[in-house]
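The values are calculated or read from the model by the stated rules, or taken from the named source; none is laboratory data. Because the structure is a prediction, the values reported are computed rather than measured. Glycine gets a Cβ as well: all are built from the backbone with ideal geometry, and neighbour counts include every protein chain shown. Side chains included, ligands, DNA and RNA excluded: accessible areas come from the protein's heavy atoms. Shrake-Rupley method; radii C 1.70, N 1.55, O 1.52, S 1.80 Å.
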Amino acid sequence: MNTVEDFHKQLNEAVDFIKSKVSFEPKIGIILGTGLGSLVDGIEMTGTVDYADIPNFPVSTVESHAGRLLFGTLKGKPVVCMQGRFHFYEGYTFQQIVFPVRVMKALGVESLIVSNAAGGMNPNFKPGDIMLIKDHINFFPGNPLIGPNDNNWGDRFPDMFEVYYCKYLEIAKIVAMEQGLRLQEGVYVGLTGPCLETAAEYRMFRGFGGDAVGMSTVPEVMAAHHQGTKVLAFSIITDMGLADNMHPCSLEDVIGTASKAEPRLCNLIAGCVVKM
Ligand code: HPA
């Protein structure tokens, strides 16, 4: 098991390396999930660092994911973006999944924006909708905070009060209104995948209070909250998981719907960044 000293050693090696490549202090971290790729077009880039070069950084297994950190300004705000993220279903440990979130904090990041693709369980949702995540249910078989804890970094028993930062929820709603965008809000259920859910599972998660279900985000958000990073998160509803109205759902459907929603989500996030 990693000790607190191991954690800091690994973190410092990664951070020192990144700082030797880019001298830039980001304030906002962005995890470019499915349907957020083109946010990059709005960034004035100051530097990039490949994951593969960063000591102790996990490396993307999915070939279509570039796997690099992008540094630059978005709407004048200094940001660092993760192009390529890590999922539990790929075989990473929770510690690996959240390592980049730890690195972001050490680089100066104070706020984290996350996006994902999710299956909608709320019958008022439609594929292509964007959902503001106002809370989550951790249905992963674990938690990235398990293990030795450095109390100077974050609490041993962090509460989950306003894990999705209240002011950012307000900002997102205001920006959506200004942009004339239909913004859903709801509870995200995070679980391992890679299977989508059975009808019985969708019914259960809906009964638990979930509005959407997906395979990411929750570990990163827990780590961010633990270390005092303020979180704003969105799901693109790519398919519907309605227990009494099941349909086949392919990866092509998910990706196709996500790309249609992408310009709306990118605009929304750019609008939020201005006010953050
Ligand atoms: N379930 C889980 N993850 C998903 C889904 C879903 O229906 N759609 C996109 N990601």
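Observations, loosely collected:
- Annotation: amide H of M240 within the under-5 Å range of G120, sequence separation 5 or more or interchain, hydrogens built in the peptide plane.
- Peptide packing: for 97-105, 180-188, 125-133, 237-245, the average count of neighbouring Cβ atoms within 10 Å per residue gives the ranking 97-105, 125-133, 237-245, 180-188, highest mean first.
- Cα gyration tensor shape for the range 58-213, rounded if a/c is under 1.5, else prolate or oblate: rounded
- Distance between modelled label sites at W153 and N124, nm, 7 Å Cα→Cβ extension: 4.0
- S115 long-range amide H proximity, modeled H, under 5 Å: I31, G33, F234
- In this rough spin-label picture, where each label sits 7 Å from Cα along the Cβ direction, the E110-N12 distance is 2.6 nm.
- Among beta bridges from DSSP that stay inside the chain, the antiparallel ones total about 40%.
- Degrees, to the nearest 10: 251-275 long Cα axis against longest axis of the chain: 60
- Mean ellipticity per residue at 222 nm, deg cm²/dmol - from DSSP H runs of n ≥ 4 across the chain, formula -39500 (n - 2.57): -10500 deg cm²/dmol
- In Hz, Karplus ³J(HN,Hα) per residue of the range 118-125 (6.51, -1.76, 1.60; θ = phi - 60°; x = Gly, Pro): 9, x, x, 10, 6, x, 7, 7
- Using a Förster distance of 30 Å, the FRET efficiency for E162-E25 (Cβ separation, nearest 0.05): 0.75
- Peptides 207-213, 247-253, 144-150 ordered by average Cβ neighbours within 10 Å, highest first: 207-213, 144-150, 247-253
- Shape category assigned to the range 155-257 from the gyration tensor of Cα positions, a/c cut at 1.5: oblate
- When both bridge partners sit in the range 47-198, DSSP labels roughly 60% of those beta bridges antiparallel.
- Heavy-atom SASA rank of K9, K260, K77 (probe 1.4 Å, accessible area, largest first): K260, K9, K77
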